[in-house]
Each structure stands twice: as structure tokens, then as C-alpha cells.
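Below is one structure, written out as C-alpha cells; the observations come after it.
The values are calculated or read from the model by the stated rules, or taken from the named source; none is laboratory data. Just so it is clear, the model here is predicted, and its values are computed rather than measured. FYI the Cβ positions are ideal-geometry reconstructions off the backbone, even for glycines, and counts take in every protein chain you see. Ligands, DNA and RNA are excluded from the accessible area calculation, which covers all protein heavy atoms including side chains. Shrake-Rupley method; radii C 1.70, N 1.55, O 1.52, S 1.80 Å.
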Amino acid sequence: MGELRLYAIGIDEVRGIFGAPPQEAERLRGIATKVLAPPAVAQKTGLIGKLGPIFRRVPAAPVMSPTAPTPHDVDVLVSGAYIPPDRTAASWRALEVLVSGSAWGATRMALTPQALDDLDFALARGGVSAAVGLRHLLSSTTSVNLVPVPGLTVGYHPYEKALAMASAYRAAMPEVKTAEQQEMLAALISWLDGFRPWADVAQSLARPVPDLVGFWAH
């Protein structure tokens, strides 16, 4: 099952994660610390606990996926250092952790490739231009300094286009045929309606207005 995860955050803030200035880097590390803290492992007692060091992996120690981000991956991102090929997938996940922790809001949609195409087709039938479709969102590169990885597509639309999406999708709703698509679009429209108030708050805090950034795992 695919999933599209959407975030309201300025694209320049996303790009600025790479080689962030010291104060911002410290804030980002704080976000990662809360999310990436390793699970507590209960201390083992008895003979098996004492025999732990003879094993290649200590019994009951958590097994880390090679794509699981670590605090070191975050350090590499925020310092703008070289990312080894074998840590690229983990670095994308680390980036999303930092984006999620910095965004004004987030939502997610269960979307396989076929479901995404069907939803865009339903919107087109309702008069929505392809320029504000979900496929177009995902084909608009973020230009972040990370090599793409299979199974993940990341794209963005600027603030004004996020507003246009909400307006166009709302107008198309009467032409959307299935209840599942109607429910999905209603939730998305409601979320997109938050961009104007988020922009007002962002400007009052001297932050960029939010753009729409999407991470699609498929």
C-alpha cells in the first residue's frame, strides 16, 4: 500500500536543512532526538544476560534496519557533509523527520500508483487542471541535495498553488463519483484550507509562508 504524506513548510526551509547554521542545526537535532531515541531495552538477568558479549549481537538488542535514520544521519544532513550511497535511503527518512518536526501541519493519504492515477483522473473529469494535480506535485522537484531512491518520490508546490489546489478540488467535488475519493478529497481540502492562517502566523514569526511538500512512498 502506498502512502502520500503532505507537509506545510517553506521549501527554502527544507533546502536550508542541508548545511544549516549552528542555531538552526541545534534545533533540528533536538527534533531528531525526540523522534529517533532508541527504545528502552529491559536489562536481562541470569545466565543469558551474562553471556551476551559472546554473541555477535547482544541478545534483546534492537535490530536496526539499514534504512532507519540515526542521529549520525541527521548530523551529516545538517552539516552538509557527504552522504555515502548506503545511507541515502536513511537520509531521506531523516530529512522527513526534520520536515515533519518543522512543518505547520501534515496529513497523509493511502495511495497506490493506480489509486493516485484514478484520483487525478476524477479531478480532471471535474475540470481540475493537471498543473494542480497530485501527479504534477510529485513531478515538481524540491532540488534538495539528495540522490533519489527507489520507492520514494518527493515533490512540492509553492504556496499559491496549494491555495489553487484547494479551490479547484472544491469545485470538482460534485463530479467525483466514488465515496472513497469524495472522503479523501474532503479531508485534503480541509487541510489545504489551513495554508492561509498558517501563512499569517509564519509571517508574524519572520518565517517563510508554507509551501506544499509531498513524500510519496510507493
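Structure above, values below:
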{"item": "Selection within segment 195-218 - open to solvent by 60 Å² or more (accessible area, probe 1.4 Å) and not hydroxyl-bearing (S, T, Y)", "result": "R196, P197, D200, V201, Q203, L205, A206, R207, H218"}
{"item": "Pair list, Cβ under 8 Å, 6 or more apart: segment 21-41 residue over 19 Å from W92 (Cβ atoms), other residue assigned to a loop (DSSP other than H, G, I, E, B) and at pLDDT 95 or above", "result": "E24/G16"}
{"item": "Residue among E160, E183, E175 that alone is at pLDDT below 95, of a type outside the set (A, V, I, L, M, F, W, C) and open to solvent by 30 Å² or more (accessible area, probe 1.4 Å)", "result": "E175"}
{"item": "Every residue from segment 126-148 that is open to solvent by 30 Å² or more (accessible area, probe 1.4 Å) and within 30 Å of E26 (Cα to Cα)", "result": "T141, S143, N145, V147, P148"}
{"item": "Filter result (crowded, with 18+ Cβ neighbours inside 10 Å and within 23 Å of P197 (Cα to Cα)) within segment 97-125", "result": "L98, V99, S102, A103, W104, M109"}
